[in-house]
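Participant: My structure is below; once you've seen it, I'll send some questions.
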Amino acid sequence: MDYQDFFRGAVDSLKAERRYRVFAELERRAGEFPHATWHSPEGPRDVVIWCSNDYLGMGQHPDVVAAMIETASRMGTGAGGTRNISGTNHPLVMLEAELADLHGKEAGLVFTSGYVSNQTGISTIAKLMPDCLILSDSLNHNSMIEGVKQAGCEKKVFRHNDMEHLEDLLKAAGKDRPKLVVFESVYSMDGDVGKIREICDLAEKHWAMTYIDEVHAVGMYGPRGAGIAERDGQMHRIDVIEGTLAKAFGCLGGYITSTAAVVDAVRSHAAGFIFTTALPPAICAAATASIRHLKTSSTERQGQQAQAARAKAVLSAAGLPVMPTDTHIVPVLVGDAEKCKATTDMLLAEHGIYIQPINYPTVPVGTERLRITPSPFHNDALIDELATALVAVWKKLGLPLNRTAIAAE
Ligand code: PMP
């Protein structure tokens, strides 16, 4: 028996299913976003990144970079321990207070990543309620699905954003049973928005607790960048708000904010929080600088919204199949895994444009796409260059272009 065969076989089956992933090795250059160096097999090349979740370029903001450097020089690199055993550093406590304030909640709790905050947060909250029923939106992110599984309690999946279905399930569970509704604000692959107000109405009517993932919305929406719930005046109605420090805030880490009672209980019972080293002080200080900046400055989110709207308009006018979205995300449909990979390979090799293909299982088969995320730094010229490059690739691969849109221009 050759043990290596198990692993080669596991990869071969992914290759056969056309799901094998190849990573692009990038070197981002502070102050030059979205330009970066791609370490291609033939050597370094200049590319423009069009698929980063550093939506606002805050990972290169001078105040954020300065906070990280200053804190690392003063306090060193690592946190030195778990939260309980010497790892609770001062910048981390400040960050948790900043997050609680951002979402108007009593307390905040930071985890190693957004993924861990969902997995650990959802499972722990549900486990702490006897006979809890979890009601989960069918398009929830994998980290939430894992949290639901780990909770080990009964779960029911409601059809995406289908309020009638959710209400039927809530009614059937009865008023006295603890119920946790888990959903997102911005669904990142389709770019649509969760029905926050309606879900809160139903949760109040049927005595359910609410947990929202605002990972793709924090920093991006609302007058202080607290997310879609803030923009829509619903923040106070949601029991637990979860977010990341790794996307619009440009750093690393995840969090939940809620009542002091929920946070204290999760802090005390969650294995994924207790048995792991705390985030380093320099990352916490950088995240705090980023949150503080975006609390008072709307320039970045407005610039981002403007460039996202422009990108949608320019790509659609060029006849490209832009999928309609309500948010800053611009998905362009390819509809075939191999062609999707081929579009991104050609964009990179022939046009210096980097967009990772989005294939199954991240999206359903037949809806393979390019997920384009313009930032305030993708200027008009870059958008025009993107449209020209996409049209050239579309023609080369024989992908359909909308002639009516082109004629109407
Ligand atoms: N929730 C959603 C909806 C996500 O898309 C992601 C990551 N893509 C996460 C949670 C995990 O966040 P993080 O990258 O901070 O682990």
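A short reminder: the numbers here are calculations on the coordinates, not readings from a lab. Fair warning: this is a prediction, and the values are worked out from it, not measured in the lab. All Cβ positions, glycine included, derive from the backbone under ideal geometry; neighbour counts span all protein chains shown.
Participant: Translational D (Stokes-Einstein, µm²/s) of the range 36-90 at 37 °C and 0.692 mPa s when Rh comes from the Kirkwood sum over C-alpha pairs?
Facilitator: Roughly 226 µm²/s, to the nearest whole number.
Participant: Please report Rg (one decimal) and Dmax (integer) in Å for the Cα set of the range 98-231.
Facilitator: Cα-based Rg and Dmax for the range 98-231 come out at 14.2, 39 Å.
Participant: In addition: For Cα pairs less than 8 Å apart in space and 6+ apart in sequence, what is the mean separation divided by the residue count of the chain, i.e. the relative contact order in percent?
Facilitator: Computed over the chain, the figure is 20 percent.
Participant: Could you tell me how many degrees, from 0 to 90 and to the nearest 10, lie between the Cα long axis of helix 142-151 and the main elongation axis, the longest principal axis, of the Cα atoms of the chain?
Facilitator: The angle comes out near 30 degrees.
Participant: On to the next question. Counting alpha carbon pairs within less than 8 Å and at least 6 residues apart, what relative contact order, in whole percent, applies to the range 21-90?
Facilitator: Relative contact order comes out at 17 percent.
Participant: Please turn the phi angles of the range 21-29 into ³J(HN,Hα) values with the Karplus equation 6.51 cos²θ - 1.76 cosθ + 1.60 (θ = phi - 60°), one per residue in order, whole Hz, x for glycine and proline.
Facilitator: Values per residue, Gly and Pro as x: 9, 10, 8, 8, 8, 10, 10, 6, 10 Hz.
Participant: If you average the sequence gap of Cα pairs under 8 Å that are 6 or more apart and divide by the length of the range 241-359, what percent do you get for the contact order?
Facilitator: 13 percent
Participant: Quick one: what are the phi-derived ³J(HN,Hα) couplings along the range 351-356, Karplus 6.51/-1.76/1.60 with θ = phi - 60°, whole Hz, x for glycine and proline?
Facilitator: Computed from phi, the couplings for the range 351-356 are 10, x, 10, 9, 9, 6 Hz.
Participant: Structure shown: which of LYS15/LYS341; LYS341/LYS395; LYS156/LYS195; LYS127/LYS205 lie over 20 Å apart, alpha-carbon to alpha-carbon?
Facilitator: Violating the 20 Å limit, Cα to Cα: LYS127/LYS205.
Participant: Largest first and to the nearest Å, give the Cα extent of the chain along each principal axis.
Facilitator: Result, largest extent first: 60, 59, 56 Å.
Participant: Moving to a separate point now. Could you state the per residue volume, in Å³, of the convex hull enclosing the Cα atoms of the range 61-296?
Facilitator: Each residue corresponds to 104 Å³ of Cα convex hull volume.
Participant: With angles folded into 0 to 90 degrees, how steeply does helix 281-296 sit against the dominant principal axis of the chain? Use alpha carbons for both and round to 10.
Facilitator: Helix 281-296 and the main axis of the chain meet at about 80 degrees.
Participant: By count of other Cβ within 10 Å, fewest leading, how are TRP207, TRP50 ordered?
Facilitator: TRP207, TRP50
Participant: Angle, helix 3-16 long axis vs. longest principal axis of the chain, Cα atoms, 0 to 90°, nearest 10?
Facilitator: Taking Cα atoms only, the helix is inclined about 60 degrees.
Participant: Whole angstrom only: what separates the Cα centroid of the range 37-87 from the Cα centroid of the range 134-177?
Facilitator: 36 Å
Participant: Over the chain, what is the percentage of antiparallel beta bridges among all DSSP beta bridges, to the nearest 5?
Facilitator: 60 percent
Participant: Neighbour counts of other C-beta atoms within 10 Å: give me ILE85, ILE329 arranged from fewest to most.
Facilitator: So the residues, fewest neighbours to most, are ILE85, ILE329.
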